[in-house]
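Here the structure is laid out as structure tokens; the discussion comes afterwards.
The values are calculated or read from the model by the stated rules, or taken from the named source; none is laboratory data. A quick note: this is a predicted structure, and the numbers were derived from the prediction, not measured. Here the Cβ positions follow ideal geometry from the backbone for every residue, glycine too, while neighbour counts run over all protein chains shown. These area figures cover heavy atoms from the full protein model, side chains too; ligands, DNA and RNA do not enter into them. Shrake-Rupley method; radii C 1.70, N 1.55, O 1.52, S 1.80 Å.
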Number of protein chains: 2
Amino acid sequence: MESIQARPSDGLSDQGAKQELEEGAAFTPRFDADGLIVCVAKAASDGQVLMLAYMNAEALRLTLETGVAHYWSRSRNCLWRKGDTSGQVQVVTEIRTDCDQDALLLTVDAGGDGGACHTGRRSCFYRKVALDGGSPTLVFE
Amino acid sequence: MESIQARPSDGLSDQGAKQELEEGAAFTPRFDADGLIVCVAKAASDGQVLMLAYMNAEALRLTLETGVAHYWSRSRNCLWRKGDTSGQVQVVTEIRTDCDQDALLLTVDAGGDGGACHTGRRSCFYRKVALDGGSPTLVFE
């Protein structure tokens with residue numbers, strides 16, 4: 001596969017570049033200063049948002065090449081093929097990018113128990129922010 | 001409203017802190033080195049992922065206080081009440097946080113034309129990555 005044309009996050013002042021970024025057909029993902037792009041993964045079955053993670057250029061390349069989601073773990077500082085230990089391998093059915101190409105939205109079929117969160121829940125977003133007497137707390141639901 | 005307890009992004013080596021972060025009821029959003037937390041906004045009506053943006057502590061506080069989404073614009077470097085110019089004001093019906101509290105998932109009712117993207121589309125994720133002869137390109141669909 002040909003390499004992905006990465007574009008730096010700054011220097012968008014030029015209107016032509018902005019137009020191309022937003023309305024063009026060239027995939028030029030904008031990695032941040034750490035070389036990462038944020039990725040949201042949602043379930044192919046019902047659209048539930050499962051998790052948020054990051055890819056570097058290598059993780060994105062591997063994801064595109066293999067059709068299986070690879071991420072960059074910021075806490076472990078390593079490339080990470082989701083599901084290698086949990087079995088929750090994510091077969092990617094679609095990748096979208098946003099207007100300014102600094103975020104990705106993946107639609108995935110998760111293997112194993114179909115979940116995505118290391119805590120055992122299906123989605124990482126298992127807590128809701130509730131205002132308890134004006135102070136925000138978390139509710140499991 | 002009482003202030004939100006911000007927690008730095010590092011220093012999670014302590015297992016007790018990790019347990020509290022993941023299984024506790026305290027909302028302790030982890031802002032990054034720039035003081036931002038990533039936010040995904042999805043539509044209350046059908047769950048479509050509309051956009052991805054960032055909040056600083058002030059934007060989050062205002063969102064919680066007013067029930068209307070406020071973000072931090074990284075390109076304009078300013079606080080931003082979504083919809084101030086477009087009319088696409090986002091009434092927040094739910095806020096969720098993920099396991100390690102470094103991401104937020106908002107469910108919103110968008111005003112105006114119901115869209116979220118400054119290009120006029122409903123969702124910012126209006127292009128799909130397609131592999132054209134092995135090279136990734138973008139398709140509008």
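Assorted remarks:
- Pick from the stretch A:62-78, criterion open to solvent by less than 30 Å² (accessible area, probe 1.4 Å) and more than 12 Å from chain B (Cβ to nearest Cβ), ranking: nearest to A:Val91 (Cα to Cα): A:Val68
- Residue check, A:His118 modelled with pLDDT under 95 and of a type outside the set (Lys, Arg): yes
- Hits in the stretch A:103-123 - residues which are out of contact with any Lys or Arg (no Cβ under 9 Å at 6 or more places or on another chain), on the phi < 0 side of the Ramachandran plot and not in a strand (DSSP E or B): A:Gly111, A:Cys117, A:His118, A:Thr119, A:Arg121, A:Arg122
For (1) modelled with pLDDT of 95 or more; (2) over 14 Å from the mean Cα position of the chain (by Cα), each residue gets a yes or a no:
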{"position": "B:Glu2", "(1), (2)": "no, yes"}
{"position": "B:Glu23", "(1), (2)": "yes, yes"}
{"position": "B:Ala43", "(1), (2)": "yes, no"}
{"position": "B:Gly47", "(1), (2)": "yes, yes"}
{"position": "B:Asn56", "(1), (2)": "yes, no"}
{"position": "B:Ser73", "(1), (2)": "yes, no"}
{"position": "B:Gln88", "(1), (2)": "yes, yes"}
{"position": "B:Leu104", "(1), (2)": "yes, no"}
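- Taking every residue in the stretch A:83-102 that is outside any strand (DSSP E or B) and pairing it with any residue that is crowded, with 21+ Cβ neighbours inside 10 Å and small (Gly, Ala, Ser), at least 6 positions away or on another chain, the pairs with Cβ-Cβ distances below 7 Å are A:Gln88/A:Ala110; A:Gln88/A:Ala116.
- Where a residue in the stretch B:111-130 is facing chain A (nearest Cβ under 7 Å) and its partner, wherever it lies, is open to solvent by less than 20 Å² (accessible area, probe 1.4 Å) and of a type in the set (S, T, N, Q), with Cβ under 6 Å and at least six apart: B:Arg127/A:Thr97
- Taking the listed residues B:Thr63, B:Thr119, B:Thr93, B:Thr97, the one that is among the β-branched types (Val, Ile, Thr) and in contact with a Ser or Thr (Cβ under 6 Å, 6 or more places away or on another chain) is B:Thr93, with no other qualifying.
- Members of the stretch A:20-46 found to be among the small types (Gly, Ala, Ser) and touching a residue at least 60 places away in the same chain (Cβ under 8 Å), listed by number: A:Ala41, A:Ala43, A:Ala44, A:Ser45
- Lone unmet requirement of (1) out of contact with any Cys (no Cβ under 7 Å at 6 or more places or on another chain); (2) within 12 Å of chain B (Cβ to nearest Cβ); (3) open to solvent by less than 10 Å² (accessible area, probe 1.4 Å) for A:Val108: (2)
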